[in-house]
Amino acid sequence: MVSPEGVSPLDEAREELLREASIEAEASGREKAQEESGPARSLLVFSVGAEWYAVDLVHVRKVLRPARIARVSGASPEVLGLMNCQGEVLCVLDLRRILSSGKETAPAAATEGKFIVVIQHGGKEAGFLVDAVRDVTELPASSVHPVLDSVDPSRARLFEGTVACCGQFVGLLSPSACLNP
């Protein structure tokens with residue numbers, strides 16, 4: 001039996017099966033490509049001084065401009081103070097001092113023109129003062145390499161690894177280590 005358009009039901013069924021097989025093959029190819037490169041990691045890339053760093057986006061709660069930061073007397077040097085963040089008290093840390101690991105005495109950070117990256121991990125949350133926020137980038141998990149040998153061993157614990165991003169090596173920070181300097 002042939003339809004008025006001249007296409008038999010058997011031809012229609014065959015076309016439908018070929019269309020479904022093509023869709024499945026395409027989806028399978030995408031899945032295989034993703035398996036080969038590993039799951040993607042979304043990273044927030046930012047700078048502190050002339051150096052670029054990244055943190056996994058799953059740990060970033062928000063990025064904001066600094067408001068008034070109240071100093072806390074007796075706090076360690078990496079604690080800039082406390083800030084009202086949408087009705088919640090947020091501890092703001094100076095990432096420059098954390099990354100220097102006490103090797104240098106960095107001057108108190110000025111906040112004008114900078115950003116605070118709020119990171120949450122393991123039930124802890126803090127804001128980190130950074131100089132600039134570049135971008136969010138997505139890379140395969142397989143693109144994370146070990147921490148560079150040139151990184152001071154006392155600082156190496158602060159990193160999960162290194163990634164090549166935007167034409168340069170970027171230190172992938174460990175949220176756990178940065179929240180527990």
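The values are calculated or read from the model by the stated rules, or taken from the named source; none is laboratory data. As the structure is a prediction and not an experimental result, all values here were calculated from the model. So basically every Cβ, Gly included, is an ideal-geometry build from the backbone, and we count neighbours across all protein chains shown. With ligands, DNA and RNA removed, areas are computed over all heavy atoms of the protein, side chains included. Shrake-Rupley method; radii C 1.70, N 1.55, O 1.52, S 1.80 Å.
Of all residues in region 52-74, exactly one satisfies the criterion of being under 30 Å from VAL147 (Cα atoms) and among the small types (Gly, Ala, Ser), namely ALA54. The set of residues from region 135-144 being surrounded by fewer than 16 Cβ atoms within 10 Å (Cβ to Cβ) and either at pLDDT 85 or above or closer than 27 Å to LEU90 by Cα (or both) comprises ASP135, VAL136, GLU138, PRO140.
Sort out for me the strands (runs of 3 or more DSSP E) sitting completely within region 48-166 that have 1 or more residues that are within 14 Å of the chain's Cα centre (by Cα). Give the derivation first.
Numbers: elements: 51-56, 60-64, 79-85, 88-94, 115-121, 124-130, 132-140, 159-165.
Those strands (runs of 3 or more DSSP E) span 51-56, 60-64, 115-121, 124-130, 132-140, 159-165.
Let's see how each residue does on (1) at pLDDT 90 or above; (2) more than 15 Å from GLY127 (Cα to Cα):
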residue	(1), (2)
GLY49	no, yes
TRP52	yes, yes
VAL55	yes, no
LEU64	yes, no
ARG68	no, no
VAL92	yes, no
SER100	no, yes
PHE115	yes, no
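Look at PRO4 and say whether it is modelled with pLDDT of 70 or more and outside any helix (DSSP H, G or I). If you could, list the steps in order and put the result at the bottom.
On the way: modelled with pLDDT of 70 or more: no; outside any helix (DSSP H, G or I): yes.
Judged against the criteria, PRO4 is not a match.
Annotation note: Cβ proximity below 9 Å between a residue of region 140-154 that is touching a residue at least 40 places away in the same chain (Cβ under 8 Å) and closer than 11 Å to LEU172 by Cβ and a residue that is open to solvent by 40 Å² or more (accessible area, probe 1.4 Å) and of a type in the set (Asp, Glu) (sequence gap 6+ or interchain) occurs for VAL144/GLU160.
Got a sec? Which of VAL79, VAL130 is β-branched (Val, Ile, Thr), at pLDDT 90 or above and buried (at least 20 other Cβ atoms within 10 Å of the Cβ)?
Values: VAL79 fails: buried (at least 20 other Cβ atoms within 10 Å of the Cβ).
That would be VAL130, the only listed residue that is β-branched (Val, Ile, Thr), at pLDDT 90 or above and buried (at least 20 other Cβ atoms within 10 Å of the Cβ).
HIS59 meets the conditions (1) surrounded by fewer than 18 Cβ atoms within 10 Å (Cβ to Cβ); (2) at pLDDT 90 or above; (3) closer than 30 Å to CYS166 by Cα in every case but one. The failed one is (1). Within region 64-74, the set of residues being among the aliphatic types (A, V, I, L, M) and open to solvent by 40 Å² or more (accessible area, probe 1.4 Å) comprises ALA67, VAL72.
For region 166-181, the set of residues classified as under 17 Å from GLY49 (Cβ atoms) and open to solvent by less than 10 Å² (accessible area, probe 1.4 Å) consists of VAL170, LEU173, CYS178, listed by residue number.
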